[in-house]
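**Student:** Mind looking over this structure? Questions follow.
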Amino acid sequence: MKFHPIDVNSWGRKPYFEHYLNNVRCTYSMTANVDITLLLAVLKNKGVKLYPAMIHMITTVVNRHREFRTCFNAEGRLGYWDNMSPSFTIFHDENKTFSTVWTPFCDEFDAFYTRYIADLEMYGNVMQFAAKTNEPPNSFPISCIPWVSFTGFNLNVYAEGTYLLPIFTIGKYVKQDNQIQLPLSVQLHHAVCDGYHAGVMFQELQQRADQCEEWL
């Protein structure tokens, strides 16, 4: 885990960063469907849960692109992490609350899935907001709303508009025209990510779903 400072004055994105951070502070949300028809079939055949597979897919794409790993560190320095790990929510049916758990990322899905299951067994019944403490600074949030197949989702993060990392929300999948579609929303900061980057993100997530037999 290493944080790489960015020299804003020599950064090609400087005018965009300064405009959307200082002049017109701007975040935006984008929601799109991911076709998980093949992915869901392969997962069911292997007896693997969908949620950790989606978490792994999302984190893989995040780690491919510096734009999704750019943020301010604890000292307020702008830079980017060399890799990120997911911090995700788990639901407690007993009292209808949720907790956050983080799992160290691994490129190999089987290794990550083992870590995910181990974290659920250890922290899944901890009824507090942060079930697993000591979350590392190179983490980003993923949550799931499996009760609603939403067509749009917007978060309002009141952190003076300086939270730069992506925030993901997964919805309820539905069957449409012989395909199984999963709504996925991502909240991005325009200072570091444009619409192009959001498009690349969704394209690569779909590719991961279509090529799931290669990595599952």
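The values are calculated or read from the model by the stated rules, or taken from the named source; none is laboratory data. For clarity, every value in this text was computed on a predicted model and none was experimentally measured. Every residue, glycine as well, gets a Cβ built from its backbone with ideal geometry; the counts of neighbours run over all protein chains shown. Ligands, DNA and RNA are excluded from the accessible area calculation, which covers all protein heavy atoms including side chains. Shrake-Rupley method; radii C 1.70, N 1.55, O 1.52, S 1.80 Å.
**Student:** With (1) modelled with pLDDT of 95 or more; (2) of a type in the set (A, V, I, L, M, F, W, C); (3) more than 30 Å from Pro15 (Cβ to Cβ); (4) open to solvent by 20 Å² or more (accessible area, probe 1.4 Å) as the list, and Ala131 as the residue in question, which single condition is left unmet?
**Tutor:** Looking at each condition in turn, Ala131 falls short on (4).
**Student:** Going by what's in this entry, would Gly161 be described as over 19 Å from Phe68 (Cβ atoms), of a type in the set (Gly, Ala, Ser) and touching a residue at least 40 places away in the same chain (Cβ under 8 Å)?
**Tutor:** In short, no.
**Student:** Still on this structure, please answer the following. Name every residue in the stretch 88-110 that is of a type outside the set (Asp, Glu) and open to solvent by 10 Å² or more (accessible area, probe 1.4 Å), in order of residue number.
**Tutor:** The answer is Thr89, Ile90, Phe91, Asn95, Lys96, Thr97, Phe98, Thr100, Trp102, Pro104, Phe105, Cys106.
**Student:** Tell me, which strands (runs of 3 or more DSSP E) wholly within the stretch 139-216 include 3 or more residues that are open to solvent by less than 20 Å² (accessible area, probe 1.4 Å)?
**Tutor:** By residue number, 139-144, 167-170, 179-189.
**Student:** Next question, about the same structure. Restricting the search to the stretch 104-133, which residues are in a loop (DSSP other than H, G, I, E, B), within 21 Å of Asn83 (Cα to Cα) and either touching a helix residue (DSSP H, G or I) at 6+ places or on another chain (Cβ under 8 Å) or of a type in the set (Val, Ile, Thr) (or both)?
**Tutor:** Answer for the stretch 104-133, where residues must be in a loop (DSSP other than H, G, I, E, B), within 21 Å of Asn83 (Cα to Cα) and either touching a helix residue (DSSP H, G or I) at 6+ places or on another chain (Cβ under 8 Å) or of a type in the set (Val, Ile, Thr) (or both): Pro104, Phe105, Cys106, Asp107, Lys132, Thr133.
**Student:** Let me ask you something else. Looking only at the stretch 118-128, count how many residues are exposed (fewer than 15 other Cβ atoms within 10 Å of the Cβ), under 20 Å from Ala53 (Cα atoms) and not small (Gly, Ala, Ser).
**Tutor:** Within the stretch 118-128, residues that are exposed (fewer than 15 other Cβ atoms within 10 Å of the Cβ), under 20 Å from Ala53 (Cα atoms) and not small (Gly, Ala, Ser) number 2.
**Student:** Pro136 versus (1) assigned to a strand (DSSP E or B); (2) closer than 20 Å to Trp81 by Cβ: which is the lone unmet condition?
**Tutor:** If we test Pro136 against (1) assigned to a strand (DSSP E or B); (2) closer than 20 Å to Trp81 by Cβ, just (1) comes out false.
**Student:** Just a yes or no: is a residue in the stretch 55-73 modelled with pLDDT under 95 and within 29 Å of Gln128 (Cβ to Cβ)?
**Tutor:** no
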